[in-house]
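Below: one structure, written as structure tokens.
The values are calculated or read from the model by the stated rules, or taken from the named source; none is laboratory data. What you see is a predicted model; the values in this text were computed from it and never measured. Cβ atoms come from the backbone with ideal geometry, glycine included; neighbour counts cover every protein chain shown. Accessible surface areas use protein heavy atoms only, side chains included; no ligands, DNA or RNA. Shrake-Rupley method; radii C 1.70, N 1.55, O 1.52, S 1.80 Å.
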Amino acid sequence: MKINRVMVIGAGQMGSGIAQVCAQAGYEVVLNDLKEEFLERGLNGITKNLSRSVEKGRMAEDEKETVLRRLTKSTDLQDAKEVDIVIEAAVENMEIKTKIFSQLDEIAPKHAILASNTSSLPITEIAAATKRPEKVIGMHFMNPVPVMKLVEIIRGLATTDEVYQAIEDMTKSLSKVPVEVEDFPGFVSNRILMPMINEAIFTLYEGVASKEAIDEVMKLGMNHPMGPLTLADFIGLDTCLYIMETLHEGFGDDKYRPCPLLRKYVKAGWLGRKTGRGFYSYE
Ligand code: CAA
């Protein structure tokens, strides 16, 4: 299974990061989103990241131009006609993902792998929307993609060993470290991370300590690069809530119950950094 051409769906924080690391590793990348303005925003972010690498002396100017030339924009899923793999990084919503996957199944070449960057939705269910479930797989990158080394690789029920191996090899080619995980709610990363974040929110909700104190304890006491409330703002509080709900529903265990304060913030539209306000203010 030779992978040369990649389509990334979604030019948001995750999708543009994935497109950047693929282009840097030498793949031809088609970056797809619904609107031209989303693509522009994503490509501006990539250009900024690459320029910083040039400034820091990690990349030559002509290499930056070569990487940028490997990226093309697309607002039409039909452009999946000539790719070897699609990595979907659209919004975390099962209805939208299954719609995209069933369309891609019609458009992409027969040999193409269809991967999802979902952070908690079942790969097996996404795969069932296609007639090629053996070629559907989870490829879960971490935010910020250009910095974080991990990619969780999630096998659906039908994923073949050949497809798994191709994704493991591709992950290594991106200078990332693959970790194999079975298809259960939250996989490994979010099954462990999100309850910790949720517990930090409960700690705030119950008045045990201030937000700054909670973050300081975890930063200085456990050597985490960011405190859990700062990290929640960074990930997006809507995403945190969605993942907690997926865990709660998937396992049916009260230990995954989302904190009411998290629900309240999401209802208020305080979603973290992306809206300028979450547990902290970013204006
Ligand atoms: N894109 C590209 N590069 C970035 C970046 C971004 N968005 N943000 C930071 N960087 C780079 C900086 O340019 C800098 O590089 P140089 O050293 O070459 O200058 C480097 O990362 C360090 O950045 P800073 O010095 O500005 O700040 P920092 O040392 O605090 O690091 C951080 C920033 C890497 C984000 C760090 O705080 C961190 O690791 N935080 C935790 C991140 C984390 O836990 N991510 C997982 C989230 S969960 C997830 O993604 C899964 C899910 O499904 C929800």
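What the table below lists for this structure:
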item	result
Filter result for GLU88 (open to solvent by 40 Å² or more (accessible area, probe 1.4 Å), within 16 Å of the ligand (Cβ to nearest atom) and in contact with a Phe, Trp or Tyr (Cβ under 9 Å, 6 or more places away or on another chain))	no
Within segment 158-177, tally of residues that are within 15 Å of the ligand (Cβ to nearest atom) and either charged (D, E, K, R) or within 15 Å of ALA115 (Cα to Cα) (or both)	1
Tally of residues being under 13 Å from ARG191 (Cα atoms) and hydroxyl-bearing (Ser, Thr, Tyr) across segment 209-263	3
Condition broken by GLN20, with the remaining ones in (1) of a type in the set (S, T, N, Q); (2) open to solvent by 40 Å² or more (accessible area, probe 1.4 Å); (3) within 16 Å of the ligand (Cβ to nearest atom) satisfied	(2)
Restricting segment 142-155 to residues that are open to solvent by 10 Å² or more (accessible area, probe 1.4 Å) and touching an Asp or Glu at 6+ places or on another chain (Cβ under 9 Å), the residue that is nearest to the ligand (Cβ to nearest atom)	MET142
Restricting segment 91-107 to residues that are open to solvent by less than 10 Å² (accessible area, probe 1.4 Å) and not aromatic (Phe, Trp, Tyr), the residue that is nearest to ILE167 (Cα to Cα)	LEU104
The lone exception for LYS135 - which of (1) touching a helix residue (DSSP H, G or I) at 6+ places or on another chain (Cβ under 6 Å); (2) surrounded by fewer than 23 Cβ atoms within 10 Å (Cβ to Cβ); (3) basic (Lys, Arg) it fails	(2)
Top-ranked residue in segment 156-170 [being assigned to a loop (DSSP other than H, G, I, E, B) and among the aliphatic types (A, V, I, L, M); ranked as most open to solvent (accessible area, probe 1.4 Å)]	LEU157
